[in-house]
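The values are calculated or read from the model by the stated rules, or taken from the named source; none is laboratory data. Predicted, not measured: the structure shown is a model, and the values here were computed from it. Glycine also receives a Cβ, built like all others from the backbone with ideal geometry; neighbour counts cover every protein chain displayed. We work out accessible area using only protein heavy atoms, side chains counted, and drop any ligands, DNA or RNA first. Shrake-Rupley method; radii C 1.70, N 1.55, O 1.52, S 1.80 Å.
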Amino acid sequence: FFFHTPHPPSNMAAQMACFNVAVPGLAKSSFKGQSLKSASAARAPVASKSAFTVRAGTDYGLGLALNTTADKCIKKGGRAPVPLELEKGAMPLNTFKNKEPFTGKVRSVERIVGPNATGETAHIIIEHGGKMPFWEGQSYGIIPPGTKVNSKGKEVPHGVRLYSIASTRYGDDFDGQTATLCVRRATFWDEATNAEDPVRKGICSNFLCDAKPGAEVMMTGPTGQVMLLPADPATPVIMVATGTGIAPMRAYIRRFFVEDVKSWEYKGLAWLFMGVANSDAKLYDDEFSECLKRFPGQFRVDYALSREQSNSKGGKMYIQDKVEEYKDQVFQLLDGGAHMYFCGLKGMMPGILSMLEGVCKEKGVNYAEWLENLKHKGQWHVEVY
């Protein structure tokens with residue numbers, strides 16, 4: 001539905017005016033003075049924020065250093081050629097199901113956050129040999145090995161956990177043979193014992209983060225149509241992500257600026273709002289920095305670092321606070337046909353919706369009708385947990 005829904009025609013000059021006039025100096029930097037430090041589940045079950053935590057400095061076997069990805073998966077000197085036959089045909093959907101999953105193979109698992117990050121997040125490349133194609137914005141299901149005892153006392157296999165895919169259909173090697181997942185390891189810190197409780201850790205995330213090259217992974221899908229990109233490559237795209245909700249956004253950005261997709265050459269403006277705890281918790285910052293250098297007039301990134309920045313009221317800077325700083329520009333882009341994508345913790349949505357309601361009130365616009373119109377035109381894409 002979202003992929004084929006028509007929207008108002010885009011006008012590049014108008015987009016540029018909104019981007020550049022409203023935010024002076026964008027061509028030089030998209031961060032208003034924030035530095036871009038290169039070295040600094042999607043919908044897998046997540047417990048409450050206070051329950052699943054990892055203390056900074058905990059090494060689970062991947063080390064504590066941040067492994068950059070731009071040097072390995074962005075072609076030097078220009079866009080990467082890709083097998084364009086993957087642009088043809090119908091959208092893949094539910095090719096593999098729970099009872100007959102696909103067996104993928106882990107190629108690599110790397111930690112992509114620094115030592116002071118509040119948790120461990122891994123960049124995981126899985127080989128599918130071209131047998132499990134997908135489109136940007138879709139998800140894979142992962143079935144962790146082992147069994148559990150259900151409510152009836154019966155031993156059954158573990159259920160499927162969904163993870164948004166963090167690469168384009170071409171994968172990090174641009175050959176259509178792999179897919180990438182961005183997975184945060186879920187652990188439970190027991191304050192009473194001042195230690196982690198291994199019984200209550202996330203089964204699937206730990207399985208993936210602990211996987212060694214060559215390990216087999218049972219996979220289902222691909223699933224999902226809500227987060228697909230618009231059909232028109234001139235459409236401005238606003239992306240709002242927290243934590244591993246960056247996964248589909250990375251896929252979009254790679255399609256926009258890294259790959260040479262001649263039949264879908266991106267001409268619009270892409271604006272990413274990313275929320276994490278601190279600089280060490282930034283995800284794919286080195287890739288986004290490189291894209292920003294190459295496409296300063298089309299790409300913008302703004303971080304909300306809750307433990308390092310303050311909002312206008314003196315409190316912690318959360319993602320909704322950062323979006324609010326640019327509420328007029330965001331509103332203008334949406335009115336001009338932009339698509340807005342949200343992925344990550346559902347806690348960000350009330351603040352963002354409240355902010356947009358306030359903008360509508362300031363402008364004398366009926367908020368309920370305005371938002372419903374965005375949804376009706378397919379401009380509003382939400383996948384939160």
Which numbered condition residue 378 misses (of (1) surrounded by fewer than 16 Cβ atoms within 10 Å (Cβ to Cβ); (2) touching a Phe, Trp or Tyr at 6+ places or on another chain (Cβ under 7 Å); (3) at positive phi): (1)
Strands (runs of 3 or more DSSP E) wholly inside region 162-246 containing at least 2 residues that are within 28 Å of residue 80 (Cα to Cα) and charged (D, E, K, R): none
Looking only at region 178-211, and only at residues there that are surrounded by fewer than 18 Cβ atoms within 10 Å (Cβ to Cβ) and either among the acidic types (Asp, Glu) or within 24 Å of residue 134 (Cα to Cα) (or both), the one that is farthest from the chain's Cα centre (by Cα): 191
Cβ-Cβ under 6 Å pairs, at least 6 apart or on other chains, region 361-374 side farther than 14 Å from residue 340 by Cβ, far side open to solvent by 60 Å² or more (accessible area, probe 1.4 Å) and part of a helix (DSSP H, G or I): 367/357
Every residue from region 148-166 that is out of contact with any Phe, Trp or Tyr (no Cβ under 9 Å at 6 or more places or on another chain), of a type outside the set (Asp, Glu) and over 18 Å from residue 215 (Cα atoms): 148, 149, 150, 151, 152, 153, 154, 156, 157, 159
Residue list for region 342-360, filter: within 20 Å of residue 328 (Cβ to Cβ) and at pLDDT 95 or above: 342
Count of region 211-233 residues which are within 25 Å of residue 144 (Cβ to Cβ) and out of contact with any Phe, Trp or Tyr (no Cβ under 7 Å at 6 or more places or on another chain): 10
